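Just so it is clear, none of the values below were taken in a lab; they were calculated from the coordinates. For clarity, every value in this text was computed on a predicted model and none was experimentally measured. Using ideal geometry, Cβ is built from the backbone for each residue, glycine included, and neighbour counts are taken over all protein chains shown.
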Amino acid sequence: MSTYIARALISMMAAAPAFCQVGIPPIKPPAPIISPIPNPILPPPTLPGLPATDPLVIASIGDSNAAGEGVPNATGSAPSIWTLAQCHRSENSGRTLAANALAPLTDLEYTNVACSGGSINVGLQGPYVGMPVNGTFGNAMPAQVQQVKDWMNQNLRRRNLDVLIISIGVNDAGFGHVVGACLDPLSGAPNHTGNCAANQDLIELLANGDPDNATVTLGLNRLGGALDQLADTVKRELNPRYVLITEYPNPVHDEKGFFCNSYDEHFEVLPSHIVSGNLVPTTGILHWLAVGGAMKNVHDYESDFMESSLINPLNSALKQAAQRHSADGWRYVGGMVEMTRPHGFCAAEPWVNTLKASFQKQGDLNGTAHLNKAGQKAYQYLLQKKIVELFNLASAPPVEMFGNQVTREYIADKKRIVIEVSPTVHIVEGEIQYKLRTTDQAAMIQALSVPLIRDTSFNVRQVYYADLPGTETLTYGESFHYRPVIRYGRQQSFLNGLIVGQVREYTVFRYQEISSN
């Protein structure tokens, strides 16, 4: 029995007694028996834009970001680690994780036809051969828009598409060329700067596309027009109620906010590592990786270049496209930049794969600079939350996506406690409770409390902090005892020192101490 029918029956049962008593005289023997008035037939509740008799129909199209590149179903190098090896499509994609979480809440139909390497013209609107399998390219697959249309036509339950999730644009803008240039293994060699930020050919390609393959690599100046054309195709062929176009992550910062700079993971790609068969390493990323590409060759000025010349303008173009087509249901799903900013490939807790991680997880270089499982769970949260809001679904299960991050820095004479919680949580109140011993350990000072303060500089992430006072007569270190308490409505969790537990209703995903000791 669906949720909606069950609610309707409960409503009818609750309404029946009052309805039956209105205008009916009391029955007294030997008066004739009066037939009871039947319960009213109430229509089942409906969701905004979703008929109660239809399932929620969701489809996902796009590139490697949507397919799940970097997070195979299982680690290894065999093609079976993927749901579809030709596309490096994975069940660990954030889109699929969100659909699996929503399935218990409503009748759901879902498919993901995204394919790694896809672009607007070659992949979404046109045929695409995908990735090689065992060194061999397969037959070209139909355009992803056509695949979704065929999937809808296979079952009358899918006659109306409620949500189309799209991740596209990074390959159109020249992602592979940027990564290849910034991983330049000749960095520091005589007469060679290796600075991708000063590569004029790359700058021109980012702006106006690849002259050798302009159908795939359009350049940022042509991306807006291509997105408009895609919007027309999507409306004509699929006519979805909503189109959710997703923001790309920012993979080039560490946990302190600094740009990744010469991060040495003690791994570089050798020719023997290239196992992709027909992929001849002559240009772009494959050219450099074949002769020793490594993450340590990415300098801070190159990380800055990737952010300012690719990530930021790309996301801006996507957001503007969503605004232009808002009347057709387009919505920009932001938040990934802010959520991934402390978790770049060089961070203490990266949400992005390095070269080494890519080879360890999937046996090739293709997962480099793509999200790992923690990063994909951030996508899960953003999409899950958006769909719940659009269709007024019951509260979704918590998105257990973040591990606890503990870092320490030094400032002045204070100890600052910083706690970051899942954005799904609406904090009611919070405080840090703590106790201090005297320097000679002879006496325990009375417990004190400092309220948590919301850091409003974060738009998506919920970050709270409390500054505990420094003093000449007290020492912190081992004799500093504190008990952070965060309350959410009627729920609360106690965090003693490092994170030791959490309740179901929320997730703490950053716990940071900043101390002078």
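Net charge around L183, counting only other residues with Cβ within less than 14 Å of its Cβ (Lys, Arg = +1; Asp, Glu = -1)?
Numbers: positive: K296, K356; negative: D184, D264, E265, E268, E302.
Surrounding charge for L183 is -3.
Compute the Cα gyration tensor for the range 100-146, then decide on rounded, prolate or oblate, letting a ≥ b ≥ c be the square roots of its eigenvalues: rounded whenever a/c is under 1.5, prolate when a/b is larger than b/c in the other cases, and oblate in all that remain. Please report the intermediate quantities before stating the final value.
Working: a/c = 3.35, a/b = 1.98, b/c = 1.69.
Note, shape of the range 100-146 comes out prolate.
Taking amide H positions as placed 1.01 Å from N in the peptide plane, with prolines and chain starts having none, which residues 5 or more places from V352, or on another chain, fall under 5 Å of its amide H?
N372
Quick query: amide H of G363 versus all other amide H atoms, modeled in the peptide plane; which residues come in under 5 Å with a sequence gap of 5 or more or a different chain?
Counting only residues 5 or more places away or on other chains, the set is G76.
Using only Cα atoms, figure out Rg for the range 207-250 and give it as a multiple of 2.2 N^0.38 Å. Each step should come with its number before you reach the end.
Values: Rg = 12.9 Å, N = 44, 2.2 N^0.38 = 9.3 Å.
Scaled against compact globular proteins, the figure is 1.39.
Rounded, prolate or oblate, given the Cα gyration tensor of the range 56-391, with a/c below 1.5 counting as rounded?
Numbers: a/c = 1.58, a/b = 1.52, b/c = 1.04.
Because a/c hits 1.5 or more and a/b exceeds b/c, the range 56-391 counts as prolate.
For each pair in K356/K385; K361/K386; K256/K296; K256/K377, compute the distance between the two Cα atoms and list the pairs where it is over 24 Å.
Long pairs (Cα-Cα over 24 Å): K356/K385; K361/K386.
Can you tell me which of 312-320, 84-92 comes out highest on packing, and rank the rest after it, using the mean Cβ neighbours within 10 Å? Intermediate values should be presented prior to the final figure.
On the way: 312-320: 17.7, 84-92: 22.1.
Packing order, densest peptide first, comes out as 84-92, 312-320.
Given 0.36 nm per residue, what is the gain on full extension from T136 to A198 after removing their alpha carbon distance, in nm?
Working: separation 62, 0.36 × 62 = 22.32 nm, distance 3.60 nm.
18.7 nm is the gain from fully extending T136 to A198.
Under 5 Å between amide H atoms, partner at least 5 residues away or on a different chain: which partners does S60 have, H built in plane at 1.01 Å?
T111, N112, V113, I165
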